[in-house]
Amino acid sequence: MRQITKYIYILVLIASMVLGSTRVAYTRPGLMMRIPTSSNHKTPYLFRTGFGTEIHNFDPFNTAKGVYFDMELNKGFAFGFSAVQGGDTTSLAVLTESQQKPVVEFGFHFQQRVFSYNDISLTVGLQDVVFQNDQTSDEILSLNTSLLSFFTVLASEKDLGEYKMNTYMGFGSGGLAPMDTIEVDPDSVSTSAGVFLGFVLKTPYFARRGGMDIVGEFDGTGVNVGLRIPLTSDYRLNLGFTHLDQIPNWKDRYWAGHSGITIGFSMEVPRDPSKRTTGGGPSAPTNIYGVKNKSIGSGGIPLHRDSTIAMANVAVETLRDSMSLMNNEMRNLLVRLSAMEQNTKFLSDSLSSIKLETNVSEKNMNEALRHLSRSLRYFYAGDYREALKEVDLALELNPNLALAYARRGSIYYKLGDVQRATINWNLALRLDPEYTDVRNILKALHENKLKSENLEGE
């Protein structure tokens with residue numbers, strides 16, 4: 001009998017606390033103020049912690065406050081913990097004389113990503129597994145089943161130039177349902193489930209610290225807006241307004257879903273402390289969850305490129321090495337070529353490769369470049385005959401390669417056949433009139449020839 005009485009007491013206690021909670025903004029897992037989020041990327045931080053406060057009235061001063069902790073484990077599973085003390089829900093007329101001590105909630109939150117495709121992800125979870133303390137005893141904690149929220153949230157992540165947009169839409173029960181409304185009729189039946197939605201717009205402002213976020217959401221009851229302002233890459237100041245639609249009723253009465261001014265602070269501990277920016281935190285993210293776009297080199301060229309771009313990149317790198325080595329060899333033979341800048345050669349190679357891309361098929365281009373690469377190795381090994389064969393094979397695949405004629409001219413020059421070298425350099429210049437290196441070689445040869453003739457005449 002005593003055991004039955006105990007259970008009845010607990011049930012009555014739970015029922016008396018149904019409207020005792022306010023979902024304090026910025027104290028739940030995720031990037032939003034009150035609703036859960038999803039992403040197909042792993043968070044860049046090891047864990048996140050902070051606190052949030054909602055000011056519901058200034059005169060008399062009435063607040064709700066809470067602290068939280070959350071982290072993400074492997075395979076899209078995340079969990080969090082929050083401790084929240086709601087505001088005083090006593091009628092506004094007697095709020096100054098109220099002796100009510102708002103209950104303290106200890107909440108647990110779990111979620112699992114179950115599907116992801118491109119920029120779309122789907123997450124299911126259990127939120128607000130809330131245990132509340134008894135107002136008459138600090139030793140009793142009771143599970144508030146009315147706040148228990150089963151939810152499903154669908155998310156989309158988009159890049160909008162310098163801005164990043166995440167949108168969320170979901171369906172939830174319990175605390176995610178429209179239950180924190182004005183209690184007009186205590187006997188009325190409230191909705192047990194509802195829809196929520198929202199967005200996070202990551203702006204380029206304070207980009208070195210991770211970027212400032214603009215938050216907007218409908219939590220099932222009202223509209224919330226806020227800002228997540230980075231102080232450093234580790235710390236953020238959270239500001240906002242909850243339930244904007246209830247602002248006209250600010251001074252009329254107070255209830256659990258009353259509008260409020262929210263202030264919060266969060267700290268994120270990065271997974272890799274070595275990747276901190278000058279602001280003191282992890283490197284600035286390029287999407288909502290801080291995951292950088294995969295790229296190579298300082299230019300940030302995406303790894304996921306089509307075969308044409310990949311071929312052009314190989315061509316540029318090959319021609320760049322070729323011309324750099326050729327410059328070192330010609331410096332000893334032609335004084336005028338020694339003053340040319342290395343960057344000018346790189347630019348010339350890049351322009352040549354772009355022109356080649358429009359005239360030659362991928363297969364023949366790749367094969368021709370392989371022969372030119374091998375010819376360069378034979379050239380600097382002193383095997384000029386093999387180098388000449390490789391160049392001839394490249395010209396059979398594509399007779400319009402100015403670089404191949406220039407290379408063959410250099411080989412004939414090394415073999416002592418200046419006449420054939422000159423013919424090939426002229427062919428290269430005819431195919432590419434902007435081939436400055438070849439033009440300078442021919443000019444230098446012509447000037448040397450004139451000097452020799454003048455000396456013989458004297």
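The values are calculated or read from the model by the stated rules, or taken from the named source; none is laboratory data. Since the model is a prediction, treat every value here as computed from it, not as a measurement. Every residue, glycine as well, gets a Cβ built from its backbone with ideal geometry; the counts of neighbours run over all protein chains shown.
What the table below lists for this structure:
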item	result
Qualifying positions in the stretch 369-401 - among the charged types (D, E, K, R) and either touching a residue at least 60 places away in the same chain (Cβ under 8 Å) or touching a His at 6+ places or on another chain (Cβ under 8 Å) (or both)	Glu390
Counted residues, the stretch 72-101 - those being at pLDDT below 75 and not hydroxyl-bearing (Ser, Thr, Tyr)	9
Residue tally, condition surrounded by fewer than 23 Cβ atoms within 10 Å (Cβ to Cβ), touching a strand residue (DSSP E or B) at 6+ places or on another chain (Cβ under 7 Å) and not basic (Lys, Arg), over the stretch 64-79	7
Any hit, the stretch 137-144, residues being assigned by TED's automatic domain parsing to the domain that holds Asn249, out of contact with any helix residue (DSSP H, G or I) (no Cβ under 8 Å at 6 or more places or on another chain) and at pLDDT 90 or above	no
First in the stretch 95-111 and closer than 17 Å to Thr53 by Cβ and assigned to a strand (DSSP E or B), second anywhere and polar (S, T, N, Q) and at pLDDT 80 or above, Cβ under 9 Å, 6 or more apart	Val104/Gln85; Glu105/Ser82; Glu105/Gln85; Gly107/Thr27; Gly107/Ser82; Gly107/Gln127
Hey, Arg23 surrounded by 15 or more Cβ atoms within 10 Å (Cβ to Cβ) and at pLDDT 85 or above or not	no
Selected residue (only one of Tyr380, Tyr435 is exposed (fewer than 15 other Cβ atoms within 10 Å of the Cβ) and within 21 Å of Asp321 (Cβ to Cβ))	Tyr380
Any hit, the stretch 40-53, residues being modelled with pLDDT under 80 and not in a strand (DSSP E or B)	no
Where a residue in the stretch 211-234 is on the phi > 0 side of the Ramachandran plot and its partner, wherever it lies, is among the hydroxyl-bearing types (Ser, Thr, Tyr) and surrounded by fewer than 18 Cβ atoms within 10 Å (Cβ to Cβ), with Cβ under 8 Å and at least six apart	Gly211/Thr203; Gly211/Tyr205
Extreme residue, surrounded by the most Cβ atoms within 10 Å (Cβ to Cβ), among residues of the stretch 54-63 that are part of a strand (DSSP E or B) and of a type outside the set (Val, Ile, Thr)	Glu54
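Table: residues versus (1) touching a strand residue (DSSP E or B) at 6+ places or on another chain (Cβ under 8 Å); (2) basic (Lys, Arg); (3) surrounded by 16 or more Cβ atoms within 10 Å (Cβ to Cβ); (4) modelled with pLDDT under 90.
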residue: Gly198; (1), (2), (3), (4): yes, no, yes, no
residue: Arg208; (1), (2), (3), (4): no, yes, no, yes
residue: Glu217; (1), (2), (3), (4): yes, no, yes, no
residue: Leu227; (1), (2), (3), (4): yes, no, no, no
residue: Ser233; (1), (2), (3), (4): yes, no, yes, yes
residue: Arg236; (1), (2), (3), (4): yes, yes, yes, no
residue: Phe241; (1), (2), (3), (4): yes, no, yes, yes
residue: Gln246; (1), (2), (3), (4): no, no, yes, yes
residue: Pro270; (1), (2), (3), (4): yes, no, yes, yes
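Residue-wise test of (1) modelled with pLDDT of 90 or more; (2) more than 51 Å from the chain's Cα centre (by Cα); (3) part of a helix (DSSP H, G or I).
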{"residue": "Glu386", "(1), (2), (3)": "yes, no, yes"}
{"residue": "Asp392", "(1), (2), (3)": "yes, no, yes"}
{"residue": "Gly409", "(1), (2), (3)": "yes, no, yes"}
{"residue": "Ala428", "(1), (2), (3)": "yes, no, yes"}
{"residue": "Asn440", "(1), (2), (3)": "no, no, yes"}
{"residue": "Glu447", "(1), (2), (3)": "no, yes, yes"}
